[in-house]
Structure formats: structure tokens, C-alpha cells
Amino acid sequence: MLRAQINPHFLFNALNTLYAIAMKENSEKTADGIQKLGDMMRFMLHENHQNRIPLAKEIEYLHNLISIQELRLDENQQIELKINLQNPDREVFIAPMLLNPFGENAFNTASVSAMRPGLTLRLRTIQNTFFQSAQQLSPQK
Amino acid sequence: MKLVAIAIDDEPKALEVVQMHAAKVPFLELQASFIDAFEALPFLRQHKVDLIFLDIKMPDISGIEFAQILKNGPLVVFTTAYSEYAVQGFDLDAVDYLLKPFSLARFTKACNKALEMKNVRTEVPEFIFLKTGYEEEKVYLKDILYIEAAGNYMTYVLKERKLMCRQNVPEALQTLPEQDFVRVHRSFIVGVQHVGKIARQQVWVNGVEIPVGASYEDSVGLIKEKLNG
């Protein structure tokens with residue numbers, strides 16, 4: 001019950017305030033992260049409740065997720081990221097959050113893995129409404 | 001071409017975001033910001049503003065209501081924290097709506113859209129008809145060098161001829177697109193594109209010296225600005 005009562009208006013205004021402060025302090029990365037988090041939250045509040053959304057929207061969400069996850073990675077670890085998410089060349093609709101687990105899982109494993117791990121995330125659309133997502137986690141030689 | 005804008009939002013921090021973004025868009029000139037929408041009204045009366053960045057949820061008046069007051073006014077880009085208003089925004093012919101917090105890239109995109117719309121709005125006719133006695137003559141605007149008031153008449157000095165037209169200066173100004181013509185004196189209007197030399201108290205159009213009136217000194221700067229595009 002309480003969860004449903006969070007006022008989105010308050011939430012986004014608060015994020016915007018933090019965004020302003022980060023920009024004023026010239027904290028570019030922080031500002032960028034806050035902005036993307038805002039987009040993600042809006043996605044969760046709106047698109048998430050629809051039956052089908054454009055694949056492009058989901059990809060946009062994945063990009064935001066990746067940017068924020070990237071900030072969470074240990075800079076000293078020098079994890080090499082190879083992201084290749086192909087935008088569909090035509091309108092494709094999917095269930096929202098269908099691809100999200102691929103993105104989240106990839107990072108979950110990346111952050112616990114051994115020395116100098118790398119992460120490859122590929123997404124291609126094949127044929128009409130078919131797509132394939134591949135993730136790999138391989139310690140580099 | 002420049003885009004003159006103001007921003008209205010009841011949250012100072014939200015205005016700061018617009019200000020910081022605006023500073024990075026070369027063709028955008030954010031002239032003022034207002035926490036209270038009503039304080040923007042006198043400013044809008046006194047200044048020519050192309051675009052308003054307008055918050056929707058404000059305590060005294062909503063951005064939607066405010067935009068409705070400004071019929072035929074500036075272009076509007078709504079800035080809002082929550083997208084339930086989005087559809088309504090488009091009903092009002094909004095240029096765009098920005099969802100907070102918005103990135104510089106997204107902000108720039110909205111500005112580009114607004115600039116495009118401004119260009120469409122200000123597309124000017126190529127010619128006007130001037131009443132000379134009982135006839136009306138077609139005159140291409142680009143051929144008008146300058147216009148001089150003489151009694152009850154205005155003398156239109158064109159490239160190859162002169163035309164007398166029974167009207168006064170304000171009437172003449174009304175038919176001329178303001179980006180191409182500037183009043184430099186009580187009795188003179190010049191075609192900006194034909195100005196070849198500029199001094200503080202004179203301009204030269206096609207070699208003809210035209211005085212700049214004491215109360216029209218600003219017009220010299222305005223001409224330079226327009227010539228520089």
C-alpha cells in the first residue's frame with residue numbers, strides 16, 4: 001500500500017534538484033547518472049505497465065542501465081565492456097522488461113568474477129519479431 | 001538566427017538546470033527566468049520573446065493555463081516532472097515537452113525544434129502592394145532601398161525608381177517584415193540588406209547618406225546584428 005503512495009511528482013522533482021546541484025558542482029558523471037536514473041524510473045512507472053512497448057524503448061532502458069552499472073564497477077579492476085545493442089530496423093514490439101534480466105545478470109556476474117574480467121553484451125534482431133541476446137563473461141588472458 | 005527565450009518554474013533549482021543547459025546552446029539566448037509566472041507577463045509585454053520553457057505544475061497557475069493566456073504568443077516547451085500532462089501539452093501546440101531531469105542532448109533537441117518552428121512562422125512574403133493614387137503597385141521587398149517620410153506621403157526609394165504612397169511611418173512599418181527593415185530616424189526606414197556603411201549618426205544605403213535620429217541610436221546596433229545574421 002505504502003509503495004503505491006510514492007508521489008512520482010515529488011520523486012522526479014527531487015531527482016531534478018540533485019541533477020541541478022551535481023551540474024553546479026561540475027560533477028558531470030553524477031549529473032549524468034541521476035538523469036539516466038530518472039529516465040529508468042519513468043520507464044518503470046509507465047512503460048512497465050503496458051502489454052507491449054517498442055523494442056527501441058527497451059533498448060534505451062538497457063543503455064541507461066548499462067551506464068549506471070558501469071559507474072558501479074570498480075575502476076581499478078579495469079573491466080572491459082563490449083556493448084553492441086542493435087537497434088531494430090523496423091517497429092518491433094515486445095513485453096516490457098523482457099531483456100532487462102540479461103543486462104542485470106551480466107553485471108551481477110561481472111562484479112563478482114575474478115581478475116580483469118570482461119563483459120560482452122550483444123543484441124540483434126533477426127527476422128520479423130525475433131531477437132537474440134547473447135552475453136558472455138570471460139576472464140581475459 | 002537567434003532564439004530569444006525565458007524560463008518559468010516555481011523551483012529555483014529547476015530554473016538553474018535550464019540556465020546551465022541554455023548556456024551551451026549557441027543560438028539560444030535565455031533572457032530571463034521567473035519563479036512566479038505572473039511576473040513574466042510584464043516582461044513578455046515589453047520584450048519580444050520567441051520561446052518559453054514552462055513548468056506545468058506551479059502553485060498559482062498551471063503552465064497549461066498560462067500557455068492558454070498567451071494566445072498567439074511565444075512558442076512553448078513544457079518542462080515537467082511527470083508525464084501525465086504530456087498529451088495535454090500537445091493539444092496546446094507545444095513545441096515539445098521535456099521530462100525532468102532532462103539531458104543537455106534532449107534539451108538541445110527541443111531547442112532545434114523550436115528554431116525550426118520559428119523559421120516557419122517568420123517566413124516573409126517576397127513582395128507587397130503599394131497604393132499609389134488609385135493604383136496598387138507590386139513592389140519586391142528586396143528592391144526597397146529606403147523609405148522617407150514627406151508630409152502625408154512615404155517615398156519608397158527602389159533600385160530604379162521612386163514611389164509615393166499615402167501613408168505614415170507606423171503604417172509603413174506594419175507592412176514591412178521587421179527582420180529586413182529598421183527605422184533609423186523619425187522620417188527614415190532602411191532596408192537592412194542594402195546598408196553598405198555605418199557610422200554613429202549616419203548610415204549609407206546605396207551610397208545615399210541617411211541620418212540616424214538621436215532617439216534611434218540603438219538602430220545602428222540592430223542593423224549590424226541583422227546583417228550578421
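Please treat every number below as a calculation from the coordinates, not as lab data. Only a predicted model underlies this, so the values are computations on that prediction, with no experimental measurement involved. Here the Cβ is made from the backbone with ideal geometry for all residues, glycine too, and neighbour counts use every protein chain on show.
Couple of notes before you dig in:
- For the pair the stretch A:4-53 and the stretch B:144-214, the centres of their Cα atoms are 54 angstrom apart.
- Per-pair calculated FRET efficiency, R0 = 41 Å: B:D180 and A:H9 via Cβ, rounded to 0.05: 0.35
- Label-to-label distance, nm, for residues given as A:F93 and A:R122 (7 Å Cα→Cβ offset): 3.0 nm
- All aspartates and glutamates inside 19 Å of B:K109 as judged from Cα atoms, apart from same-chain residues fewer than 8 positions distant: A:D32, A:D39, A:E60, B:E16, B:E29, B:D50, B:D55, B:D93, B:D96
- The mean number of partner chain beta-carbon atoms within 10 angstrom of a residue's beta-carbon across peptide A:17-28 is 4.
- A simple spin-label model places the labels of B:K57 and B:K131 5.5 nm from each other, with each point 7 Å out along Cα-to-Cβ.
- A Förster radius of 51 Å combined with the Cβ-Cβ distance from A:N76 to B:L41 puts the calculated FRET efficiency at roughly 0.35.
- Cβ-derived FRET efficiency at R0 22 Å, B:V208 paired with B:K138, nearest 0.05: 0.40
- Translational diffusion of the stretch A:9-66, µm² s⁻¹ [Kirkwood Rh, Cα pairs; Stokes-Einstein; 20 °C; 1.002 mPa s]: 176 µm²/s
- Bridging of B:K138 to aspartates and glutamates at a Cα separation below 20 Å is possible for B:E123, B:E126, B:E148, B:E160, B:E171, B:E178, B:D180, once same-chain residues fewer than 8 apart are set aside.
- Per-residue mean of foreign Cβ neighbours for A:30-40 is 3 (Cβ atoms of other chains, 10 Å radius).
- Percentage, to the nearest whole number, of Cα pairs in the protein assembly as shown over 31 Å apart: 55 percent
- Counting, for every residue in B:2-14, the Cβ atoms of other protein chains within 10 Å of its Cβ and taking the mean gives 2.
- Summarised as an ellipsoid, the stretch B:146-229 has semi-axes of 19, 13, 13 Å, derived from the eigenvalues of the Cα gyration tensor scaled by 5 and square-rooted, with the largest first.
- Mean Cα-pair separation over length for chain B, i.e. relative contact order, pairs under 8 Å, 6 or more apart, %: 10 percent
- Peptide packing for A:46-58, A:15-27 was compared via the average number of neighbouring C-beta atoms within 10 Å per residue; ordered from the highest value, the list is A:15-27, A:46-58.
- In terms of its Cα atoms, chain B spans 61, 38, 28 Å along the principal axes, sorted from long to short.
- Proximal lysines relative to B:K224, as straight alpha-carbon distance under 16 Å, when same-chain residues fewer than 8 apart are discounted: B:K2, B:K197
- Over chain B, DSSP H runs of length four or greater, each weighted -39,500 (n - 2.57), average out per residue to a 222 nm ellipticity of -9000 deg cm²/dmol.
- Gain in span if fully extended, B:T155 to B:V4, counting 0.36 nm per residue against the direct Cα distance: 51.0 nm
- Taken about its Cα centre, the protein assembly as shown carries a charge dipole of about 740 debye when Lys and Arg each add +1 at the Cβ and Asp and Glu each add -1 at the Cβ.
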